[in-house]
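Quick note: the coordinates plus some simple rules give every number you see, no bench work behind them. All of these numbers come straight from a predicted model, not from anything done at the bench. Methodologically, a virtual Cβ is constructed for each residue, glycine included, from the backbone with ideal geometry; neighbour enumeration extends over all protein chains shown.
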């Protein structure tokens, strides 16, 4: 059995036996996300994304996520970051032979976090995709409804053809847990950003691995977050990523460094590098976008990323400060973590936290580090 299959089998066993899933092993992200079953749907170029339908789940693909990160400020001026992610994971490509509504090959994993300069709180939920009314987790709509128990994204019907986010936004996001709780209202009138080539996002130099990927980087947020045991009003901006594939990485790739940055000129910058084994050259991708729909694709040869500071957690070292040089965009940026200790100690371990940006422009955003 491949190592990623073993990992997901262990996670599923923990879920189905009504106990917390055990921590993931040390397999690389390539091993966890490489193809294992050729009967899953494949990502191919020149397939137009369709909205609002593509806000919903794609169960013929092995994995996907609804991924929100937000940079917020309390009424008292404290900066914080907030994350909510719902993952769908297919254990195999075939529907169960058992026709019971309780039988499912789909799992839901949901992560939540609140990060300040001095604290990093995380929480996790797992559920099966049960085909019954009142199912503990799932995705339905439209308008989009994504939930795992009492954690829920609920979009509102707008009946407005001019709204480029129809079926997705406006929405509320509510998370209630002992460690992480927030109640948010989310709105946007900006067009969606189709990452890569009109939503076809290549993940390797030979173009053999790809995903369908779109974002909404221009979300306005208002609401409440529970900090230090007290509910506090917050406001700011959020970024939603939607991505699905059956093979996100090659098995030789170790993980990724992903940046979501909003700059003071109003633009949004998405960058990632996928790291291979040893000293192999990373694979780069990037796009800069504006709320009016303008977009600049950034060629891989024009992306220069250099880690400048690390934070150690046990034997792992996470690069939590970076220098970014994008000559074609006339950007030289310094990225630093709001809180270097933002590792997500959950079933699948990774680092995820808010960042501050200085240099040729200032800004805020989020950084995700996997495969370390």
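Here are some notes:
- Gain in span if fully extended, residue 179 to residue 121, counting 0.36 nm per residue against the direct Cα distance: 20.3 nm
- Residue 73-residue 292 FRET efficiency (beta carbon distance; Förster radius 25 Å; 0.05 resolution): 0.50
- When the inverse distances between all different Cα atoms of the range 121-165 are averaged and flipped, the Kirkwood radius reads 12.3 angstrom.
- Estimated inter-spin distance, residue 336 and residue 304, nm [label 7 Å along Cα→Cβ]: 2.2
- When only Cα pairs below 8 angstrom with a gap of at least 6 residues are kept, the range 250-372 shows a relative contact order of 24 percent.
- Whole-number percent relative contact order across the range 98-251, with pairs defined as alpha carbons under 8 Å at least 6 apart: 14
- Computed packing ranks the peptides 314-324, 265-275 as 265-275, 314-324, most packed first, by mean other Cβ atoms within 10 Å.
- Expected 222 nm ellipticity per residue - DSSP helices of 4 or more, -39500 (n - 2.57), all of the chain, to 500: -1500 deg cm²/dmol
- Relative contact order (%) - the chain, alpha-carbon pairs under 8 angstrom, separation at least six: 15
- Spin-label pair residue 224-residue 47: with each label point 7 Å from Cα along the Cα-Cβ axis, the two points sit 4.3 nm from one another.
- Compactness relative to 2.2 N^0.38 Å, alpha carbon Rg of the chain: 0.93
- Among 144-157, 47-60, the order from most to least packed when residues are scored by Cβ within 10 Å on average: 144-157, 47-60
- Full-extension gain in nm, residue 356 to residue 172, via 0.36 nm per residue minus C-alpha separation: 63.6 nm
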